[in-house]
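> Below you will find the structure I want to go over with you.
Readers should treat all values here as calculations from the given coordinates under stated rules, not as data from a laboratory. Remember, it's a predicted structure, so these values are computed and weren't measured experimentally. Virtual Cβ from ideal backbone geometry, glycine too; neighbours counted across all protein chains shown.
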């Protein structure tokens with residue numbers, strides 16, 4: 001795979017988006033481009049550093065914002081009922097209780113502008129660079145500028161779906177004027193940013209290459225526009241599903257590059273996934289240069305995971321995240337109770353269509369088994385459930401820590417204080433009260449035993465893949481009344497998760513708790529296919545009006561001292577507020593009106 005080159009990275013990463021929150025930075029454009037660009041390779045190196053910056057930001061803080069605030073993953077608290085090491089600043093996401101003072105929002109805001117500032121500066125440099133003086137053609141120069149403009153549009157998209165119409169819009173490097181929000185009217189601001197992103201994408205697509213998995217390419221550009229169109233009803237209150245469907249079909253037909261649905265899901269996330277025909281864009285990663293191994297999978301995993309995997313990873317496990325549980329606490333699975341002894345959130349009396357992740361998977365789905373890998377580099381399954389034993393379940397029972405210290409580590413599909421530590425057990429409890437063994441754990445990117453000699457950090461971080469195009473077209477067809485067409489497209493992807501014998505019946509089966517192929521079904525399928533990929537809030541819940549208006553797990557059921565957890569939350573939480581720090585240093589920014597006291 002491509003190695004990430006970090007030439008100039010120290011210079012580049014010192015640049016911030018000065019117009020938003022830092023008024024004291026030295027303008028990058030005061031330094032001559034000739035100091036940095038000596039040949040075409042140096043141009044590529046600088047561009048690579050921009051990709052690396054955005055990759056790390058997306059891997060952590062944007063993942064928190066988009067996944068922990070949604071229905072499938074929660075940041076649980078451990079240590080016998082006490083707040084976790086981070087003082088629970090991420091718990092506000094799971095509970096929908098954030099405000100403009102929340103640390104996680106402040107840090108995400110700061111991270112979000114770094115790549116945009118870098119893009120602006122490099123575009124400026126290249127526009128003012130004599131290409132021939134460094135042995136580069138004018139055509140290559142135009143292509144590099146188009147690549148960075150496309151990537152900047154992507155970076156803007158990432159912050160746009162968080163903050164919407166309160167954003168500044170800056171494509172230059174001047175620090176003479178501090179840009180404020182694009183409009184005092186939130187909806188008008190949403191339209192301005194929306195139009196800007198679309199325009200940038202349309203103007204650059206023809207100059208991009210095809211099938212360059214670690215760089216902006218034509219299919220990635222069109223997928224970004226496809227996302228904008230699919231979510232336009234959320235962004236600008238205008239539905240564009242017909243236009244979205246047409247674009248999705250063009251991508252599937254190969255107009256912007258040749259791609260295919262992979263027959264094996266393992267190829268999508270494995271160590272050689274840069275060769276997978278389904279992956280349209282992935283951030284280049286390797287163990288020696290730049291990777292996200294410090295967070296990839298690690299938020300879910302316990303300290304004893306190295307013994308379970310028979311693998312020595314240089315990264316420490318966090319033991320903080322778990323999947324939203326499928327069952328309430330009316331029976332104790334840790335003590336051997338059967339599933340039917342507790343109530344599933346998908347069944348009566350709850351009847352949820354959200355959350356309850358594990359039970360939404362078909363029992364015959366090959367992903368719905370405990371994770372196993374061998375020395376030959378093969379792997380299957382994505383979960384850690386039940387009693388954890390060394391060597392992928394074949395060795396000695398592993399022991400827990402914290403509130404289950406030296407007790408057998410048994411992951412249960414429940415969240416609650418079953419030992420009554422910190423608080424007495426209740427039938428439904430929030431992730432605030434998760435024990436060290438609460439909730440099923442998840443492994444998306446494969447980790448192999450030491451004998452395999454495969455470093456899991458070698459897998460590229462997948463951001464755009466063809467399955468998303470199929471699901472987008474399926475949803476557009478469903479909304480247009482073509483249920484059969486939607487089902488066919490979804491099944492084109494789902495088939496790889498079943499044996500030929502099981503697929504005969506599985507292709508027509510609905511998940512537990514679902515009775516018809518409707519929007520609830522489509523939303524559930526989005527969640528299963530892209531579980532933990534950082535898109536549940538942005539791509540799924542808001543478009544179906546379920547982010548604040550949908551009920552799952554503890555909302556409307558659990559109690560929390562000093563915190564309201566209603567079944568339906570205030571719609572102000574559809575968007576995030578600007579952080580107080582940003583408002584204090586930039587008077588031109590206008591707070592989201594729903595967060596103004």
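> For segment 351-438, just the Cα atoms, rotate onto the principal axes and tell me the three extents in Å, largest first.
46, 37, 15 Å, listed from the longest principal axis down.
> Using alpha carbons only, how many angstrom separate the centre of segment 367-381 from the centre of segment 95-122?
36
> What is the distance, in nm, between label points placed 7 Å from the Cα along the Cα-to-Cβ direction at residue 195 and at residue 369?
Each label point lies 7 Å from its Cα, and together they span 5.5 nm.
> Determine the distance separating the Cα centre of segment 138-217 from the Cα centre of segment 299-353; give it in Å without decimals.
So the separation of the two Cα centres works out to 40 Å.
> Diagonalise the Cα gyration tensor of the chain and give the resulting equivalent ellipsoid semi-axes, square root of 5 times each eigenvalue, largest first, whole Å.
Numbers: eigenvalues 292, 146, 129 Å².
Taking √(5λ) for each eigenvalue gives 38, 27, 25 Å, largest first.
> When 432, 479 are ordered from fewest to most other Cβ atoms inside 10 Å of their Cβ, what list results? Numbers along the way, then the final one.
Details: 432 26, 479 16.
Lowest to highest Cβ neighbour count: 479, 432.
> A further question follows. May I ask you to work out the translational diffusion coefficient for segment 198-326 at 25 °C, viscosity 0.890 mPa s, via Stokes-Einstein with Rh from the Kirkwood sum over Cα pairs, reported in whole µm²/s? Intermediate values should be presented prior to the final figure.
Values: Rh = 17.6 Å.
Once the numbers are plugged in, D ends up at 139 µm²/s.
> Using all C-alpha to C-alpha distances in segment 206-270, build P(r) with 10 Å bins and read off the rounded percent in each one.
21, 40, 32, 7
> Kindly express, to the nearest 10 degrees and within the range 0 to 90, the angle between helix 519-529's C-alpha long axis and the longest C-alpha principal axis of the chain.
On a 0 to 90 degree scale, this one is about 80.
> As an exercise, take the mean of 1/r over every pair of distinct alpha carbons in segment 447-527, invert it, and state the Kirkwood radius in angstroms.
Values: mean 1/r = 0.0679 Å⁻¹.
The Cα-based Kirkwood calculation yields 14.7 Å.
> For the residues 220, 539, what sequence is obtained by ranking on other C-beta atoms within 10 Å, fewest first?
Values: 220 25, 539 22.
Least to most surrounded, the residues fall as 539, 220.
> Next question, about the same structure. Cα-based Rg of segment 38-141 per 2.2 N^0.38 Å, rounded to two decimals? Present the calculation step by step, with values, prior to reporting the outcome.
On the way: Rg = 20.2 Å, N = 104, 2.2 N^0.38 = 12.8 Å.
Working it through for segment 38-141, the quotient is 1.57.
> Compute the distance from the alpha-carbon center of segment 552-582 to that of segment 385-407, in whole Å.
34
> Which percent of Cα pairs goes in each bin when the distances of segment 121-258 are cut into 10 angstrom slices starting at zero?
Using 10 Å bins, I get a P(r) of 12, 36, 33, 16, 3 for segment 121-258.
> Also: Can you give the FRET efficiency for residue 505 and residue 340, using 1/(1 + (r/R0)^6), R0 = 30 Å, r = Cβ-Cβ distance, to the nearest 0.05? Could you put the intermediate results ahead of the total?
Working: r = 22 Å, r/R0 = 0.74.
That pair, residue 505 with residue 340, gives E of 0.85.
> Another one. Determine Rg/Rh for segment 87-182; Rg is computed over alpha-carbon atoms and Rh is the Kirkwood hydrodynamic estimate from the same atoms.
Working: Rg = 17.5 Å, Rh = 15.7 Å.
Result for segment 87-182 is an Rg/Rh of 1.12.
> Once label points are set 7 Å from the Cα along Cα→Cβ at both residue 560 and residue 480, what is their separation, rounded to one decimal in nm?
Result: 4.1 nm between the two label points.
> For residue 44 and residue 243 in the same chain, what is the full-extension length gain: residue separation times 0.36 nm, less their Cα-Cα distance, in nm?
Numbers: separation 199, 0.36 × 199 = 71.64 nm, distance 3.45 nm.
Between residue 44 and residue 243, full extension yields 68.2 nm more.
> For residue 397 paired with residue 378, estimate the spin-label separation in nm (one decimal), with each label point 7 Å from Cα along the Cα-to-Cβ line.
3.1
> Let me ask another. Where does helix 241-252 land angle-wise versus the long Cα axis of the chain, in degrees 0 to 90, nearest 10?
90
> Would you please state which residues of segment 375-407 a label at residue 287 would reach in this model, taking the label point 7 Å out along Cα→Cβ and a backbone N cut-off of under 15 Å?
375-377, by backbone N distance to the label point.
> Which semi-axes, in whole Å and largest first, does the equivalent ellipsoid of segment 289-444 have when worked out from the alpha carbon gyration tensor as the square roots of 5 times its eigenvalues?
On the way: eigenvalues 135, 67, 44 Å².
Those come to 26, 18, 15 Å.
> By how many nm would the segment from residue 515 to residue 133 lengthen if fully extended, with 0.36 nm per residue of separation less the alpha-carbon distance?
Values: separation 382, 0.36 × 382 = 137.52 nm, distance 6.61 nm.
So the extension gain works out to 130.9 nm.
> How tilted is helix 466-479 with respect to the longest principal axis of the chain? Cα atoms for both, answer in degrees (0 to 90, nearest 10).
80
> Right, next: Thinking of segment 257-379 as a set of Cα atoms, what percent of all their pairs are more than 18 Å apart?
Numbers: 5228 of 7503 pairs.
Above the 18 Å cut-off, segment 257-379 has 70 percent of its Cα pairs.
> Any idea what the relative contact order of segment 289-444 is, in percent, if you count C-alpha pairs under 8 Å spaced at least 6 apart? Could the numbers behind the result be given before it?
Working: 297 pairs, mean separation 38.1, N = 156.
So the answer I get is 24 percent.
> Taking neighbour counts of Cβ atoms within 10 Å as a proxy for exposure, in what order, fewest first, do 163, 63, 503 appear?
Values: 163 25, 63 21, 503 16.
Result, fewest neighbours first: 503, 63, 163.
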